[in-house]
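Heads up, the thing below is written out as structure tokens.
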Amino acid sequence: MKRADNFLVFAALIVGTLVSVLAPGASAQTGSISGVILDLNAKPWAGLTVQAVSDQGVKQEAKTDNDGRYNIRSLRPGVYDVTVVSFPPPNDKQPPYQMAKVRVQNGEDAKADANFKEVLAKQGAAAQEQAKKQEEEKQKFQGMKGHYDAGVGFLNQAGQAKTDLAKAPADQRDALKQQVKDLADKAVTELEASKAAAGEKDANLHLVWARLADAYDADGRADDAANAYKQAIELKPSAAYYNNLGGIYGRAGKIPEAMDAYKKSAELDPTNAAQAYRNGGITLYNAGKMKEAVEPLKKATELDPKNAQAWYLLGAALVGSMDYKQVGSKLEVIVQPGTVEAYQKAAELDPNGPYGQQAKQGLEALQQIAPGIDTKIKKKKS
């Protein structure tokens with residue numbers, strides 16, 4: 001009898017074990033909300049953000065895909081408000097639209113669809129007119145962006161072709177020059193079309209004007225480029241825009257205008273003023289105005305003392321500003337204060353680079369024309 005009891009206990013343990021293995025694990029029961037949203041033309045509307053808010057205030061979101069479908073999963077049972085909380089550009093300023101109030105149950109998928117063409121029809125003529133304007137703005141935005149992207153693409157290709165031109169052998173340069181011209185022409189055409197497609201109050205219009213200015217510049221149309229940057233600046237004063245405008249004026253030989261633009265750039269963005277002063281110094285240096293270049297290059301080195309280019313150019317500008325005096329029958333050189341130090345600093349910062357090498361050559365030249373000057377280069381601290 002005792003053995004039979006033991007057997008029954010053992011059997012009960014086996015059955016219990018099998019039940020625990022075969023029974024499904026307990027888990028929280030949830031449901032979902034899904035649907036399809038159509039735009040003002042009854043076509044799938046992608047990029048909308050749909051939000052479900054429970055009666056307890058819990059929020060969950062999903063975006064519509066290219067077919068206008070969304071699916072908000074893992075929702076606890078309850079009643080939910082389903083709302084489109086954000087729209088893609090150019091409709092991104094639209095207020096939220098409440099689609100429905102639905103009940104979610106365990107293991108079920110509640111539906112909440114919206115057709116904004118039907119919604120609009122129910123709202124009357126005024127709403128339809130407003131929607132028409134919004135659709136027109138959407139089409140304008142898409143047209144503007146398409147032309148803008150194409151224009152920037154051609155502009156980048158023109159830049160690469162210009163880089164290749166600088167390295168090309170003589171027999172390939174004519175073909176590359178023509179390639180740069182053709183690509184710049186295409187960039188101008190696309191960006192002009194982008195500007196035409198943009199509305200007068202479009203927030204992106206300053207960007208279109210700026211890239212159009214770059215395209216005009218690449219196409220050799222300096223006056224058009226300068227005017228385009230002025231339009232961009234009028235819409236959004238920017239240190240970068242003034243800096244680029246200074247470069248265009250400088251290459252066109254309009255030195256006073258260039259320096260005014262660089263000054264404005266430095267004022268608008270003091271943290272990057274060194275770049276504006278350096279570019280101003282380069283403009284004067286390239287124009288052969290060595291004495292005038294010294295002051296902006298000094299400011300550039302003060303604001304950015306680790307820039308080897310600025311130190312080398314300062315040294316070169318000081319050499320170009322040297323004075324001479326007659327001593328008996330000889331003409332002696334008067335080396336400007338700071339010349340040697342500027343070259344030494346460039347060589348220290350860029351010992352193996354182009355500016356460091358040119359600075360070393362400058363120091364050697366100074367030794368030849370003014371013997372006795374200490375032109376030793378300090379070793380860079382590790």
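The values are calculated or read from the model by the stated rules, or taken from the named source; none is laboratory data. This one's a predicted model, so the numbers in the text were calculated from it and none came from an experiment. Cβ atoms come from the backbone with ideal geometry, glycine included; neighbour counts cover every protein chain shown.
Overview of values
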read-out: Subset of the stretch 186-201 (residues that are assigned to a helix (DSSP H, G or I) and modelled with pLDDT under 90); value: ALA196, ALA197
read-out: Check on GLY78, in contact with a Ser or Thr (Cβ under 7 Å, 6 or more places away or on another chain), modelled with pLDDT of 85 or more and not assigned by TED's automatic domain parsing to the domain that holds ALA46; value: no
read-out: Residue in the stretch 10-29 that is at pLDDT 60 or above and not β-branched (Val, Ile, Thr) present; value: yes
read-out: Index of the failed condition, ALA232 passing every other in (1) modelled with pLDDT under 95; (2) touching a His at 6+ places or on another chain (Cβ under 8 Å); value: (1)
read-out: Hits in the stretch 315-331 - residues which are part of a strand (DSSP E or B) and not acidic (Asp, Glu); value: TYR324, LYS325, GLN326, VAL327, LYS330, LEU331
read-out: Test result for GLU348, without any contact (Cβ under 8 Å) to a residue 24 or more places away in the chain, out of contact with any strand residue (DSSP E or B) (no Cβ under 7 Å at 6 or more places or on another chain) and among the acidic types (Asp, Glu); value: no
read-out: Yes/no for ALA42 being in the same structural domain as TYR80 (by TED's automatic domain parsing), touching a strand residue (DSSP E or B) at 6+ places or on another chain (Cβ under 7 Å) and either part of a helix (DSSP H, G or I) or modelled with pLDDT of 50 or more (or both); value: yes
read-out: Residue under evaluation GLY281, criteria (1) touching a Leu at 6+ places or on another chain (Cβ under 6 Å); (2) modelled with pLDDT under 95, criterion not met; value: (2)
read-out: Residue, surrounded by the fewest Cβ atoms within 10 Å (Cβ to Cβ), within the stretch 203-243, restricted to residues that are in a loop (DSSP other than H, G, I, E, B) and more than 19 Å from the chain's Cα centre (by Cα); value: GLY220
read-out: Hits in the stretch 323-339 (condition: within 43 Å of the chain's Cα centre (by Cα) and surrounded by 10 or more Cβ atoms within 10 Å (Cβ to Cβ)); value: GLN336, GLY338, THR339
read-out: Any pair with Cβ under 6 angstrom, 6 or more apart, that starts in the stretch 282-311 at a residue that is assigned to a loop (DSSP other than H, G, I, E, B) and ends at one that is not acidic (Asp, Glu); value: ALA287/ILE255; ASP304/ALA274
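The rows are residues; the columns are (1) assigned to a strand (DSSP E or B); (2) in the same structural domain as ALA187 (by TED's automatic domain parsing); (3) modelled with pLDDT of 95 or more.
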{"site": "ASP67", "(1), (2), (3)": "no, no, yes"}
{"site": "ILE72", "(1), (2), (3)": "yes, no, yes"}
{"site": "VAL84", "(1), (2), (3)": "yes, no, yes"}
{"site": "ASN91", "(1), (2), (3)": "no, no, no"}
{"site": "GLN94", "(1), (2), (3)": "no, no, no"}
{"site": "GLN98", "(1), (2), (3)": "yes, no, no"}
{"site": "THR163", "(1), (2), (3)": "no, yes, no"}
